Amino acid sequence: MRRTKAEKVLAEIKAQFGTDEPKLYDADHEGLSKGSFSIAWEGGDDWTFRFESKVPGVFVEPIAGWCLGVYDE
């Protein structure tokens with residue numbers, strides 16, 4: 001996955017929840033597969049279970065209520 005695609009998901013999250021707090025991390029942040037990313041926002045109150053990405057070719061998966069895995073589809 002290209003970082004630019006993961007950044008689009010990050011922008012969706014910020015727009016949907018109206019906050020600049022979520023941060024994008026490389027795969028090693030949560031021990032994810034190489035080439036994937038994670039987005040963390042600890043103050044979001046289980047936001048990962050409510051979020052759905054509309055970025056084409058992206059699969060997102062809640063890792064925890066505060067951390068989302070972002071992968072190529």
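Kindly provide the set of residues from the stretch 26-73 that are β-branched (Val, Ile, Thr) and touching a residue at least 40 places away in the same chain (Cβ under 8 Å), ordered by number.
Matches in the stretch 26-73: 55, 58, 60, 70.
Among the residues of the stretch 22-44 satisfying the criterion of being surrounded by fewer than 20 Cβ atoms within 10 Å (Cβ to Cβ) and not in a loop (DSSP other than H, G, I, E, B), which is farthest from the chain's Cα centre (by Cα)?
In this case the residue turns out to be 28.
Could you check the stretch 3-56 and list, in sequence order, the residues that are at pLDDT 95 or above and of a type in the set (Lys, Arg)?
Of everything in the stretch 3-56, those that are at pLDDT 95 or above and of a type in the set (Lys, Arg) turn out to be 3, 5, 8, 14, 23, 50, 54.
The values are calculated or read from the model by the stated rules, or taken from the named source; none is laboratory data. Values in this document were obtained by computation on a predicted structure and should not be read as measured data. In this analysis, Cβ positions are derived from the backbone assuming ideal geometry, glycine residues included, and neighbour counts consider all displayed protein chains.
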